[in-house]
1. With the requirement that a residue be in contact with a strand residue (DSSP E or B) (Cβ under 7 Å, 6 or more places away or on another chain) and under 22 Å from residue 76 (Cα atoms), what does region 9-35 give you?
2. List every residue pair whose Cβ atoms lie under 6 Å apart, where the two residues are 6 or more positions apart in sequence or sit on different chains, the first residue falls within region 7-35 and is within 20 Å of residue 59 (Cβ to Cβ), and the second residue, located anywhere, is part of a loop (DSSP other than H, G, I, E, B) and acidic (Asp, Glu).
3. Hey, among the residues in region 251-263 that are surrounded by 13 or more Cβ atoms within 10 Å (Cβ to Cβ) and over 21 Å from residue 323 (Cα atoms), which one's modelled with the lowest pLDDT?
4. Taking into account only those residues within region 132-185 that are in contact with a His (Cβ under 8 Å, 6 or more places away or on another chain) and of a type in the set (Val, Ile, Thr), which is modelled with the lowest pLDDT?
5. Name the residues in region 36-60 that are surrounded by 14 or more Cβ atoms within 10 Å (Cβ to Cβ) and over 18 Å from residue 77 (Cα atoms), would you?
6. Counting only residues that are within 17 Å of residue 11 (Cβ to Cβ) and not in a strand (DSSP E or B), which one in region 28-60 is nearest to the chain's Cα centre (by Cα)?
7. Give the residue that is nearest to residue 262 (Cα to Cα), with candidates limited to residues of region 78-108 that are modelled with pLDDT of 75 or more and not in a helix (DSSP H, G or I).
8. Which residues, counting only those in region 303-335, are surrounded by 14 or more Cβ atoms within 10 Å (Cβ to Cβ), in contact with an Asp or Glu (Cβ under 9 Å, 6 or more places away or on another chain) and in a loop (DSSP other than H, G, I, E, B)?
Amino acid sequence: MKLTQASIAGLELDSDKSEQRFFDDDLTGFALRVRAGGKRTWIIQYRNAAGKSTTKNLGSCKTLSLTQARQLAKRDLANVTLGSNPQKEKSAARIRAAETLGSFATKFLDHQRDRLKPRSFQQVDTHLTKHWAPLTSLSVHDITRRNIAVRLSEIAAERGAFAANRARATLSKFFTWAMKEGVAETNPVVGTNRQADEQARDRVLTDAELITVWQACRTDDYGRIVQLLILTGQRRDEVGAIAKTELVARSWLIPGKRTKNGLAHEVPLSDLAAGILKQAIAREGRSGRDTIFGDGSGGFSGWSKAKAALDKRIEPKPAAWRVHDLRRTVATRMADLGVLPHVIEAILNHISGHKAGVAGVYNRALYSAEKRQALDLWAAHIEALLAGKPASNILPMKA
């Protein structure tokens, strides 16, 4: 029969059948499949390369008109003539669509879990599951350079240009892995722009700049974190996630899972640093949690917005600076006060210089007393600057 709007309107199943196919006289292989219960579906029927009769569902009569269905049928039947297999292609397309960034990100993270240090793994996990979350539902085959470039701009606006660069590096590493696994054919990150040029930094804040930063800090989480960074010289994330259980006597014991090099680290606390922590712990609503800063279980977040707000309050404005510059400043100024290099390295938890290589294997000294003396000296230097006293009033350490 010739399938027309009028002819299909009157089609009914034979009483002894649960399904019938009504083929079109004008287009061989094109049919309307009618099932008991009233379901009507456009189909094509053809023989594949092995000579086996195959059926492909084109869509429901409710969503495809006769004209639209006939056009799809002509295309697919023509492809069959040219040697393709529409049903196989449909299955392949379904598999391809299911191969999303989110599904393969889970496999990639499993692959990286034992290959990265805990802190590095956490950063990679955050990049893929949070920063790239808007793309996780897309097939890895369909993610384009444009998708990535747009999202990089969004990350830069939300978290800063350097955070966007880190997220970009992680996604590129993921696609390189996916290519080696035979999942992806290309790396669409290649050719996208970094959101900021990165060079090795040597920025050291002057005493005057350091004090203007300190004085612009408020008695909130971020303000106290910045002041502790100035007093201890530790890393941002280490201070941001400090916990009550890490405080023992007048020391802060950072577990290896939270340090960059994976080694547990002791930071002696000056009276000034201990006082800031005591105030933070005592504030209202914090008694039921171990982590001192932030609202979630992972410590403080919202670094970029908090830094921008702090910068607006600083007067006079210092030259461009980053939070990590405080760590370099502490090390440099301690050296100016006469603190020996190996003690500074011990305070920073660095395995380099005096403790690198074979020497590091045999040199296990913790320098606890020297670190405490140096950090007390540094705190006294900060207090003198805050009181308006010249730095020369602080006696340097004796070699």
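The values are calculated or read from the model by the stated rules, or taken from the named source; none is laboratory data. As the structure is a computational prediction, the values presented were derived from the model and not from experiment. Virtual Cβ from ideal backbone geometry, glycine too; neighbours counted across all protein chains shown.
1. 20, 21, 22, 23, 24, 29, 30, 31, 32, 33, 34
2. Once the first residue is within 20 Å of residue 59 (Cβ to Cβ) and sits in region 7-35, its partners that are part of a loop (DSSP other than H, G, I, E, B) and acidic (Asp, Glu) give 30/24.
3. 262
4. Looking at the filtered set, the residue picked out is 155.
5. 40
6. 39
7. Step by step, filter region 78-108, then rank; the result is 100.
8. Within region 303-335, 314, 318, 321 qualify.
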